[in-house]
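Heads up: the structure comes next, in C-alpha cells.
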Amino acid sequence: MHLKTTARYVLGFLDGQHVLLEDACVVYKGSTIEYVGHDYQGPVDEERHLGDALLMPGLIDLDALTDVDHLILDSWAGPELAKGHQWSDDYFRNRREDVFTPEERQQIREYALIQLVLHGITTYMPIASEVHSEWAETFEELVGMAETSRRLGLRGYLGPAYRSGVNVVLEDGERSVMFDADRGREGFADALRFIDHVTGLNDPLVQGVLLPCRIETLDIETLKATAAASGERDVLVRLHSLQGLVERDLILEWHGVTPLELLDQVGLLTERLLIPHATYVDRNPAVHGEDRGDLAKLAASGASIIHCPLTSMRYGSTLDSFNAYKEAGINISLGTDSFPPDLIRGIDAGVQLSKILAGRNDAGDLAGYVDAATLGGARALGRPDLGRLEAGAQADMVAFSLDDIRDGVHDDPFRTLALNGTARQAVLSVVAGRTIMADGQIAGVDLDFWRGKAQVLFTKMREAYTSRDALNRPANELFPPVYARLEQ
C-alpha cells in the first residue's frame, strides 16, 4: 500500500545533507520511503494533505524522560536546599524503599511515552530518575515498558539503568557516593538479561542497550564489565559523565584521573559510547578554560555526545560551545532529559545560548541543531536509515503545523518553528510507516485520564522527598512556591 503525504515544506535529503523542498511529498510503502520530491508519478493508495506544515524526519531523543517531571521541583534550589533533594546516608543505610508500586511505575512509563509521541519524538533512549526507587530499574520494569512502547509504536533503545552506588548527603553535610556493589552486579546482570529478552522479541522497533547511570555511581569492576559486554555483544552504552564538578572531583579523588581519562582506561571510550551532556571538559571555564585536548580525544574515539540544551540551561549550565564540539569532529545528538520532551524548544535554547557564549548572532547554528536532532542521533545509533527523508530510509517522520496566526509569518519554516513555536505543534507522527499520532491524537489513548493520573503520581513523588531528606523537611519547605500561598 503506497501512502503519499504532502506539505508546504518538506525536509528532504540530497548529496549527504538536508535540503528544503516546497509543496512537495513523501511516498512510502510499508516501513520504507520510496520517493521524496515534487513530481511523483507512481501508484497512490492513500493521500494525506497537511497544508501549511513542515514535514521532516522523526526527532531522535537519546536522553528522553520516561518518568514524572522532577525538574519543576529541583531546578530552583541553592546549594544547601539542593542537598535535601538527595538521599541522606541514613536513608541509604536503613530506610530505602520504592515510592511507587510496580503498577504505578508502568503508569509513569506510559504517561511519559505518550508525551514523547505528542511532541514529535519517533526514536528514543529513556532516562528516569532513581531517586524515588529503592535502588535502580528492574528487568521486569523494562519488560513492561518495552510492551507499552511497542503498543504505542515508538522506536525504542531500551535497557534497565543500573548502578553500584548512589549520590548521598553525609552526616557532615558533604555530598558523596555510597556503594552497594552487590546491587550493582545484580543490575548489570539484569541489563544483560534484558538484551537477551529483546533479542527474543525480534521486533525492529525495540533494541537492547546498556544504560549504566552516572559514572561516579559505577565501581571500576562494573565499568570494565560494561565495556567488555558492549564489545562482545556489539551494543551501545550510554553513560552520564563529564556533566558536573562534583563528579569530576570524586573521580579525581578516587581514581587519580579525569572522568574522560577513566572512560578510556576502562575501555568504554569507543564509537559505541553515548555521553549525555559532556559539558565539563577542559575548555569549560569552570575546569581549565582552555582546550587541552579533550575535544580531540572525544572526536578520535568516535563516541557521540547527547546535548540537552534546554535542561542544561534550566540547571544553570550549557555546552561551551556547540560550534567548538562540532568543529572538532564530535558527533552531536540531542536529548530532552526532562519535561517537556520538546526538542524544538531545546533547539531554540541551544541556538540562543550559542549566540550569548560567542557574543555573535551568527554563532547560532540552527541547521546544526536540526541536524543533531536527526542525523546526529542516527549516527549515534549506527542507523544511516534514520534521521533523513530519502528513498530507502525508514518511514519515520513528523509534521509540525505552521498555520496558526500565533505562529507568525513565514520566511524560513525552521526559523518560524524554532523562534515562534514548540513541539506541541506536532500534527503527525509516523514510525516505520505506522501513523502513531494524527491531529494531536493517539488512537486508543485517553489524554484526559493520563493528565489526571500523572498529577496523582507527581503528588506522591513530591511528598516522598521528606523521608529521604537528612532534616526530614516537609515538601513545601524543600520546594518553596514562587509566591507565598494563602490558604482558604
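Side notes on the structure shown:
- Selected residue (criterion: surrounded by the most Cβ atoms within 10 Å (Cβ to Cβ)) from residues of segment 1-31 that are hydroxyl-bearing (Ser, Thr, Tyr) and farther than 25 Å from Gly335 by Cα: Tyr28
For (1) buried (at least 22 other Cβ atoms within 10 Å of the Cβ); (2) farther than 16 Å from Ala372 by Cα; (3) in the same structural domain as Arg283 (by TED's automatic domain parsing), each residue gets a yes or a no:
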residue	(1), (2), (3)
Ala324	no, no, yes
Ala328	no, no, yes
Ser333	yes, no, yes
Asp337	yes, no, yes
Pro340	no, yes, yes
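- Those residues of segment 441-488 which are of a type in the set (D, E, K, R) and in contact with a Phe, Trp or Tyr (Cβ under 6 Å, 6 or more places away or on another chain), in sequence order: Arg468
- Scope segment 433-488; condition of a type in the set (Gly, Ala, Ser) and either touching a Lys or Arg at 6+ places or on another chain (Cβ under 9 Å) or surrounded by fewer than 14 Cβ atoms within 10 Å (Cβ to Cβ) (or both); matching residues: Gly433, Ala438, Gly440, Ala443, Gly444, Gly452, Ser467, Ala470, Ala475, Ala484
- Selection of helices (runs of 4 or more DSSP H) fully inside segment 387-488 by the criterion of at least 1 residues being under 30 Å from Ala367 (Cα atoms) returns 413-420.
- Scanning segment 112-147 for residues that are within 18 Å of the chain's Cα centre (by Cα), of a type in the set (Val, Ile, Thr) and assigned to a helix (DSSP H, G or I), we see that the one that is nearest to Arg383 (Cα to Cα) is Val117.
- Being in a strand (DSSP E or B) and in contact (Cβ under 8 Å) with a residue 12 or more places away in the chain is a property that Val166 has.
- Filter pass, Pro160 being of a type outside the set (Val, Ile, Thr) and within 30 Å of Glu253 (Cα to Cα): yes
- Set side by side, the residues Pro413, Pro480 differ, and just one is more than 24 Å from the chain's Cα centre (by Cα) and at pLDDT below 95, which is Pro480.
- Considering Asp67, Asp90, the condition of being among the charged types (D, E, K, R) and in a helix (DSSP H, G or I) is satisfied by Asp90 alone.
- Residue match in segment 36-58 (condition: β-branched (Val, Ile, Thr), in contact (Cβ under 8 Å) with a residue 12 or more places away in the chain and in a strand (DSSP E or B)): yes
The values are calculated or read from the model by the stated rules, or taken from the named source; none is laboratory data. Predicted model, so just to flag it, every value in this text is computed and none were measured. Because the Cβ atoms are built from the backbone with ideal geometry, glycine has one as well, and the counts that use them run over all protein chains shown.
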